[in-house]
Protein chains: 2
Amino acid sequence: MNANRSSQYVAPHSGAQNNYIQRLKEAGYKITPARLAVLQVIENQLGHLNPAQVLQAAKALNPQIGRATVYRALELFTVLGLIRPISCGDGAPLYIRAEGGHHHLVCNSCNAIIDFDECVAEPLMQQLAERKGFQVQSHLLEIYGLCAACR
Amino acid sequence: MNANRSSQYVAPHSGAQNNYIQRLKEAGYKITPARLAVLQVIENQLGHLNPAQVLQAAKALNPQIGRATVYRALELFTVLGLIRPISCGDGAPLYIRAEGGHHHLVCNSCNAIIDFDECVAEPLMQQLAERKGFQVQSHLLEIYGLCAACR
DNA sequence: CTGATTGCAAAAATTTTGCAAGCCT
DNA sequence: AGGCTTGCAAAATTTTTGCAATCAG
């Protein structure tokens with residue numbers, strides 16, 4: 001499995017991280033070094049990683065963290081709606097932050113995932129969902145095709 | 001794992017199936033009973049299933065099919081762009097037809113997946129993708145939140 | 001015929017669990 | 001102090017592989 005796809009490094013941005021911690025506390029969970037490490041990995045680095053990548057990165061922050069703990073944290077955060085597993089070229093799970101929307105261009109050839117910020121569908125989406133009696137919390141828009149380099 | 005979510009049965013609709021077969025042939029692969037079974041499962045039934053579900057359903061059509069064959073077929077079809085793995089509540093892989101677009105409302109509470117047909121973003125999507133030099137082939141729009149029943 | 005494909009069973013890889021020790025509150 | 005969490009290692013699951021037999025073209 002490709003362990004480090006992107007090296008784009010986003011600055012810590014502690015605001016959102018504290019928000020996560022806040023939500024953990026509010027839900028009655030303890031703030032532990034292990035959870036903070038996983039949270040920090042998800043928060044700071046990249047856009048999407050699989051459990052193995054999270055474990056590796058978390059170990060850099062907290063060397064004695066175990067894989068089981070990472071899985072448990074990932075599951076907890078998913079249940080709390082902090083993160084979300086998404087698809088990827090192969091069947092391996094990939095986690096992203098759940099907040100707001102995510103918009104990716106996924107290359108069917110080189111499997112690259114290109115993020116883009118502009119949300120092209122927010123209003124329409126909102127309207128449609130409400131018509132179905134659905135309360136929208138976040139969304140994921142993935143567009144598959146060929147990236148400029150692979151055409 | 002919930003093995004049979006939907007029992008909605010769509011009539012064979014041989015046109016599209018033949019199209020799949022066509023594409024298999026064109027790519028130089030043999031048309032075998034095992035592949036036909038998997039193809040038929042994906043074609044006819046439901047909207048999304050995991051490998052175990054595909055295996056189970058394929059066995060109904062072809063009792064002696066083995067799991068390895070299902071995995072191999074799933075991988076082949078994915079590479080050929082016939083199907084695509086998507087996310088789901090837990091990390092388990094779920095396959096859908098790759099053609100065109102898919103639009104789901106995913107309930108964060110009961111994990112139900114509600115399909116909807118109207119594509120709310122096609123034009124915007126197209127435009128955006130082209131601006132990035134990306135050639136669009138298909139897309140997946142998942143909206144997460146709470147379904148009417150869970151609110 | 002001939003080589004791609006299959007099914008089985010074993011091997012790998014990934015996830016989950018059981019539990020005593022440790023840490024957060 | 002009390003109970004949620006952790007880390008380890010073992011168990012369970014899921015996915016991949018090796019290979020001889022079989023099948024499609």
Output row for residue B:79: copy-to-copy label distances, label 7 Å along Cα→C-beta, ascending, in nanometres, one decimal, is 3.9
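Mind checking the dipole of segment B:15-139: about its Cα centre, +1 per Lys or Arg Cβ, -1 per Asp or Glu Cβ, Debye to the nearest 20? Present the calculation step by step, with values, prior to reporting the outcome.
Values: 11 positive and 10 negative charges, 122 e Å.
About 580 debye.
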What gaps in nm, shortest first, separate residue A:19 from its twins in the other copies when you place the label 7 Å past Cα toward the beta carbon? 4.1
Mean separation of Cα contacts under 8 Å (at least 6 apart) over the residue count of segment B:82-140, i.e. the relative contact order in percent, is 28
Determine which lysines satisfy two conditions relative to residue B:30: a Cα distance under 29 Å, and not lying fewer than 8 residues away in the same chain. B:59
Qualifying aspartates and glutamates (Cα of each under 20 Å from Cα of residue B:25; at least 8 residues distant if same chain): B:43, B:75, B:99
Among the aspartates and glutamates, which fall within straight-line cross-link reach of residue A:132, defined as a Cα-Cα distance under 16 Å, with same-chain neighbours fewer than 8 residues apart omitted? A:122, B:115, B:117, B:118, B:142
Shortest-first nm distances, residue B:30 label point to equivalent points in other copies (7 Å, Cα→Cβ): 6.0
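For segment A:71-136, what class follows from the C-alpha gyration tensor (a ≥ b ≥ c being the square roots of its eigenvalues): rounded when a/c is under 1.5, otherwise prolate if a/b is larger than b/c, else oblate? Please list the in-between numbers first.
On the way: a/c = 2.25, a/b = 1.17, b/c = 1.92.
Note, shape of segment A:71-136 comes out oblate.
Averaged over all directions, how much area does the convex hull of the C-alpha atoms of segment B:19-138 cover when projected, in nm²?
On the way: hull surface 35.4 nm².
Its average projected convex-hull area is 8.9 nm².
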If the convex hull of the alpha-carbon atoms of segment A:22-80 is projected onto planes in all directions, what is the mean projected area in square nanometres? 3.7
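No value in this document is a laboratory result; all are computed from the given coordinates. These figures come from a predicted structure and were not determined experimentally. Positions of Cβ are generated from backbone atoms using ideal geometry, with glycine treated the same way; all protein chains shown enter the neighbour counts.
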